[in-house]
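See below for the structure under consideration.
Bear in mind that the values in this text are calculations on the coordinates, not laboratory data. Values in this document were obtained by computation on a predicted structure and should not be read as measured data. Quick reminder, even Gly has a Cβ in these numbers, built from the backbone with ideal geometry, and neighbours come from all protein chains shown.
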Amino acid sequence: MKNFAATSALLFGATLIPQTEARLTYGSCPETNLVDSLDKAAYAGKYYEQVRDLGNMYTMFAECVTKEFSLNDDGDLDLFFRGDYGGFVGYRGAGGTMYQCDEATSDNWTCMATMGSSDKRSPFKIQHVDYDNGFEVSYFCQ
């Protein structure tokens with residue numbers, strides 16, 4: 001089992017990630033150190049959300065949130081995020097692909113990702129990965 005934590009977990013993980021700050025505020029996003037060398041084969045798997053930023057619009061009101069990554073034939077990572085939104089909405093998800101993980105920089109992004117049928121690649125940021133214990137800390141700020 002792998003675990004992931006969102007923005008609010010950075011407070012707990014501050015000892016693992018030097019100079020990281022988690023807060024809800026107006027203004028620019030804080031600078032963070034990102035994973036710049038992702039081992040895609042070791043990273044592949046299913047992650048279960050443990051902590052989330054309550055302001056995350058994609059998981060607001062959701063339970064049982066997971067994300068799953070699998071290595072595809074091109075050597076990229078296919079992804080699928082899902083959650084139970086209850087009521088008439090139910091269990092829903094969205095897929096995409098993570099590219100360029102071997103071109104990452106510690107200050108801009110870990111991989112570039114697409115979602116759904118869009119070809120637009122957007123930064124995917126991971127602050128910390130522990131391959132041995134199966135968890136990651138990711139943070140999204142815009």
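A few notes on this one:
- Per-residue HN-Hα couplings for segment 29-44 [Karplus 6.51, -1.76, 1.60; θ = phi - 60°; Hz; x = Gly/Pro]: 6, x, 6, 9, 8, 10, 5, 10, 8, 8, 7, 4, 5, 6, 6, 4
- In segment 43-142, the trypsin sites (Lys or Arg not before Pro) that fall in loop regions by DSSP, at most 14 other Cβ within 10 Å: 120
- Rg/Rh for segment 44-142 (Cα atoms only, Rh after Kirkwood) is 0.95.
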